[in-house]
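Written below as structure tokens is the structure these notes are about.
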Amino acid sequence: MAQDTDEALIGRIARRDQSAMRAFYERHHVRVYRFMLRIVKNEATAEDLLSDVFYDVWRQADRFEGRSSVVTWALSIARFKALSAVRRRTETSLEPEIESELMDPADTPEIVAQKADKAEVLRACLSRLSEDHRQIVELVYYHEMSVQEVAEILQIPENTAKTRLFYARKRLSELLTDAGVDRGWP
Amino acid sequence: MSDEPPVDEVELLLPWFHTGRLSEEERRRLEAATRSNPELARRLALVAEEARAMTQVCEATPAPSGRPRDALFARITAEEAAHKPRGFGRLRGWLAQGGMLPSQTALAWAVAGLALVVLVEAGVISTYVTGQRRDEVYHTASSEASAGEKLLVGFAPEAPMREIEAFLSDHQATIVDGPHSGGIYAVRFGDRPLSDEERTRLIGEVKSVALVRFVVPSR
């Protein structure tokens, strides 16, 4: 049987259909969680926020106007909640020691370069990009968002989305060069 | 030098060309450009390398546990239960479905008349039978307790009742509704509404108790 599209699921969710909500959650919760985890850098916080994001989807489904894709909408909610949580944590300086080491590998790209292959160095360098750069790289490469969708999620003009990704890639090349990998670009 | 703006739109769009997220017109332009320019084709290969690495980084990130799912659907179930008509409301819905209920206007007049009768009877009874003074007003405990912070709490299925009672007493808490499906209770904490910060702290505190499976705010 053909699967419901996201838009069809949202329509059913707007009519309080819990089975549609379960299907929507199963389809997207991992990518939403990973997106937020990279921002908040704490698994428990990301899990709490994940529940909140999907609860907002449940409550606001009847107001979804379809001007963007459902995933873009959900990721926009996720980003807003994650950034708010980071801001709250920064203001109250709560438990900085619980930040996951997952996001900040102990080995620098230089050390990785000495003992590993180029792909591993590239992964290490990606993890060392600034928050803004890493977010846009992730949205384009992992979530496969269009220019318009990226601009909507990050709340920036489309041209800024294009140049930000360009500079993120340029920075990545610089990090690779520092780690001894010359890509011949830029 | 690194601040120089890129000269070519084609260069900017390479990542979206790789992921197939361009308009048809842009796609055709990029296709022609990469075909005729070997350097651009080489840069497209770099984009593919980056995309592969970013996907690997993301997919190496663990998936969430089942906790957020449980919390989400407990919240939804509790919310739905709270909105379901109860008692007379349910009966009224059933009667209305069967076309057995009078119109809204007729019903309103009937209810108003009934209320008047009850009020007159109550006045007569209180004045002539009990002799109570008018200022001896009866207060329910719930009207004062309703100012606390309400959370939806799921207790561990094996949690002994005496431990739940001790938990409630330690936190000046009262079960005000439930259990809903999934063993969810609406629990009121304290006697005043909390600020966002206080609520977050309370949730964190309650969550750390071993017999609590999960806790979420109630709206």
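The values are calculated or read from the model by the stated rules, or taken from the named source; none is laboratory data. If you're wondering where the values come from, they're calculated on a predicted model, not measured in any experiment. All Cβ positions, even for glycine, are placed from backbone atoms using ideal geometry, and neighbour counts span all protein chains on display.
It is to be established whether one or more residues within the range A:141-151 are modelled with pLDDT of 95 or more, β-branched (V, I, T), part of a helix (DSSP H, G or I) and buried (at least 21 other Cβ atoms within 10 Å of the Cβ). Scanning the range A:141-151, I find at least one residue that is modelled with pLDDT of 95 or more, β-branched (V, I, T), part of a helix (DSSP H, G or I) and buried (at least 21 other Cβ atoms within 10 Å of the Cβ), so the answer is yes. Six or more apart or on different chains, Cβ atoms under 6 Å: show the pairs whose first residue is in the range A:57-77 and in contact (Cβ under 8 Å) with a residue 24 or more places away in the chain and closer than 24 Å to A:Y142 by Cβ and whose second is among the acidic types (D, E) and surrounded by fewer than 22 Cβ atoms within 10 Å (Cβ to Cβ). Between residues of the range A:57-77 that are in contact (Cβ under 8 Å) with a residue 24 or more places away in the chain and closer than 24 Å to A:Y142 by Cβ and residues that are among the acidic types (D, E) and surrounded by fewer than 22 Cβ atoms within 10 Å (Cβ to Cβ), the close pairs are A:S68/A:E152; A:V70/A:D6; A:T72/A:E152; A:I77/A:D56.
Among the residues of the range B:172-219, those that are under 20 Å from A:S84 (Cβ atoms) and either assigned to a strand (DSSP E or B) or of a type in the set (A, V, I, L, M) (or both) comprise B:L194, B:L202, B:I203, B:V215, B:V216, B:P217.
If you filter the range A:35-48 down to residues that are farther than 11 Å from A:K81 by Cα and buried (at least 24 other Cβ atoms within 10 Å of the Cβ), you find that the one that is nearest to the other protein chains (Cβ to nearest Cβ) is A:L37. For the range B:205-219, a residue qualifies if it is surrounded by fewer than 19 Cβ atoms within 10 Å (Cβ to Cβ), under 18 Å from B:Q172 (Cβ atoms) and not hydrophobic (A, V, I, L, M, F, W, C), and the qualifying residues are B:E205, B:K207, B:S208, B:P217. Looking across the range A:49-89 at every residue that is outside any helix (DSSP H, G or I) and away from chain B (no Cβ under 12 Å), the one that is modelled with the highest pLDDT is identified as A:F64. Within the span defined as the range A:164-175, one or more residues are touching a Cys at 6+ places or on another chain (Cβ under 6 Å), within 11 Å of chain B (Cβ to nearest Cβ) and touching a residue at least 12 places away in the same chain (Cβ under 8 Å). The numbered conditions (1) touching a residue at least 60 places away in the same chain (Cβ under 8 Å); (2) closer than 26 Å to A:F80 by Cα are all true for A:V181 except (2). When you look at A:D6, is it surrounded by fewer than 17 Cβ atoms within 10 Å (Cβ to Cβ) and over 17 Å from the mean Cα position of the chain (by Cα), yes or no? Spelling it out, it is not the case that A:D6 is surrounded by fewer than 17 Cβ atoms within 10 Å (Cβ to Cβ) and over 17 Å from the mean Cα position of the chain (by Cα). When B:P157 is tested against the conditions (1) assigned to a loop (DSSP other than H, G, I, E, B); (2) surrounded by 15 or more Cβ atoms within 10 Å (Cβ to Cβ); (3) not basic (K, R), the lone failure is (2). The requirement of being in contact with an Asp or Glu (Cβ under 8 Å, 6 or more places away or on another chain), at pLDDT 95 or above, buried (at least 19 other Cβ atoms within 10 Å of the Cβ) and under 16 Å from B:W16 (Cα atoms) is fulfilled nowhere in the range A:172-183; no residue meets it.
Examine the range B:26-46 for a residue that is surrounded by 14 or more Cβ atoms within 10 Å (Cβ to Cβ), in a helix (DSSP H, G or I) and touching a residue at least 40 places away in the same chain (Cβ under 8 Å), and state whether such a residue exists. No: zero hits. Suppose the filter is free of Cβ contacts under 8 Å to residues at least 40 places away in the same chain, not in a strand (DSSP E or B) and not aromatic (F, W, Y); does B:A166 pass it? In short, yes.
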